[in-house]
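Student: Pasting a structure below so you can have a look.
Every number here is computed from the coordinates shown, using simple stated rules; none is lab data. This one's a predicted model, so the numbers in the text were calculated from it and none came from an experiment. Cβ placement follows ideal geometry from the backbone for every residue including glycine, while neighbour counts extend to all protein chains displayed.
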Amino acid sequence: MNTTAQDRSYSRIAAALAGADSSSRLRAALAAGTQPDPRLVETLVARCAVEPDFFVRDMLTWALCRLPADVTVPRLLAELRSDVPRARSQALHTLSKIGDRQTFASVTTLLHDGDDEVARSAWRAAVALVPPGGEGVLAADLATALGRGDRDMRLSLSRALAGLGEPVVPVLDAAATSKDPYVRAHAEATAQLYRDPDSGFDDSLKVATRVANIGPRE
């Protein structure tokens, strides 16, 4: 593709990504990944921060992953400091897909973000990027969030912890002795999920909360 054609393609994709029709934005994101152009990094990242459609956001992530990491990673790391929760969340998701473990330390700064969706994205990204041997330290950090949020939030944390493998066992054992009954119940439900990934989280949490003689935390 010559320079003039590249310029036209860039302009067309950039304009379509800002369009009102989600189908058009999806096609534009697909085109951005099919014809990777580093000049689109800023446009793609900026769109991630405001894009309401899940499928378009997923395609935007794919398009960013198709670009050179040395171009996308610094821009995504900068986005972690955005005041917009969706911008932080989507940057975390994209970093997890790129898979550069050197971004792990930056990702962990958002493990306890005040926005639930950002925190959940950080948990998933951290588990995907944790360096070998760092699983125990990460598990201990994640465990401080046990008992946080609604059912979906707790399930996300449990899955993240279970994904760390055997190093999570002593961490959950310690959390199961917490003075906070909600933390104990969540730790016990997570331990059951780790032992048996096919077990029902809701049933395990109900049993654990009943044993702790407390009601569900919503």
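Student: Going by C-beta contacts inside 10 Å, put Tyr10, Tyr194 in order with the fewest on the left. Provide the component values of the computation, followed by the final result.
Tutor: On the way: Tyr10 16, Tyr194 20.
The most exposed by this proxy come first: Tyr10, Tyr194.
Student: Treating only the Cβ of Lys, Arg, Asp and Glu as charged (+1, +1, -1, -1), what charge dipole size does the chain show about its Cα centre? Round to the nearest 20 debye.
Tutor: So the dipole magnitude of the chain works out to roughly 340 debye.
Student: Can you tell me the 0 to 90 degree angle between the C-alpha axis of helix 54-65 and the longest principal axis of the chain, rounded to 10?
Tutor: Computed tilt is about 70 degrees.
Student: Another one. Quick check on the range 46-150: take the gyration tensor over C-alpha atoms, sort the square-rooted eigenvalues as a ≥ b ≥ c, and tell me if it's rounded (a/c under 1.5), prolate or oblate. Provide the component values of the computation, followed by the final result.
Tutor: Working: a/c = 2.04, a/b = 1.30, b/c = 1.57.
Oblate is the answer for the range 46-150, as a/c is 1.5 or above yet b/c matches or exceeds a/b.
Student: Using a Förster distance of 35 Å, how high is the FRET efficiency between Ala174 and Arg101, based on the Cβ-Cβ distance and rounded to 0.05?
Tutor: With a Förster radius of 35 Å, E is 0.85.
Student: Tell me the relative contact order for the chain as a rounded percent, counting alpha carbon contacts under 8 Å between residues six or more apart.
Tutor: 11 percent
Student: Give me the angle, in degrees from 0 to 90, between the Cα long axis of helix 201-211 and the longest principal axis of the Cα atoms of the chain, rounded to the nearest 10.
Tutor: 30 degrees
Student: So if we plug the beta-carbon distance of Ser9 and Val137 into 1/(1 + (r/R0)^6) with R0 = 41 Å, what FRET efficiency do we get, rounded to 0.05? Before the final figure, lay out each step's value.
Tutor: Details: r = 45 Å, r/R0 = 1.11.
Step by step, r from the Cβ atoms, then E = 0.35.
Student: Measuring from label point to label point, each 7 Å out along Cα→Cβ, what is the Val84 to Ser24 span in nm?
Tutor: 1.9 nm
Student: Also, I was wondering about something else. Taking the number of other C-beta atoms within 10 Å as the exposure measure, put Trp123, Trp62 in order starting with the fewest.
Tutor: Ranking Trp123, Trp62 by Cβ neighbours within 10 Å, fewest first, gives Trp62, Trp123.
Student: Angle, helix 22-34 long axis vs. longest principal axis of the chain, Cα atoms, 0 to 90°, nearest 10?
Tutor: The two axes meet at around 80 degrees.
Student: What is the fewest-to-most order of Asp83, Asp116 by other Cβ atoms lying within 10 Å of their Cβ?
Tutor: Ordered from fewest to most neighbouring Cβ atoms within 10 Å, Asp83, Asp116 come out as Asp83, Asp116.
Student: Quick check on packing: order 90-100, 104-114 by the mean number of other C-beta atoms within 10 Å, highest mean leading.
Tutor: On the way: 90-100: 22.1, 104-114: 16.8.
Ranking the peptides 90-100, 104-114 by packing returns 90-100, 104-114.
Student: To the nearest 500 deg cm²/dmol, what mean residue ellipticity at 222 nm is calculated for the chain from DSSP H runs of n ≥ 4 alone, each contributing -39,500 (n - 2.57), summed and divided by the residues?
Tutor: Mean residue ellipticity at 222 nm (helix-derived): -20500 deg cm²/dmol.
Student: Can you give the relative contact order of the range 104-160 as a percent, counting alpha carbon pairs under 8 Å and 6+ residues apart? It would help to have the intermediate numbers written out before the result.
Tutor: Values: 39 pairs, mean separation 19.3, N = 57.
The value is 34 percent.
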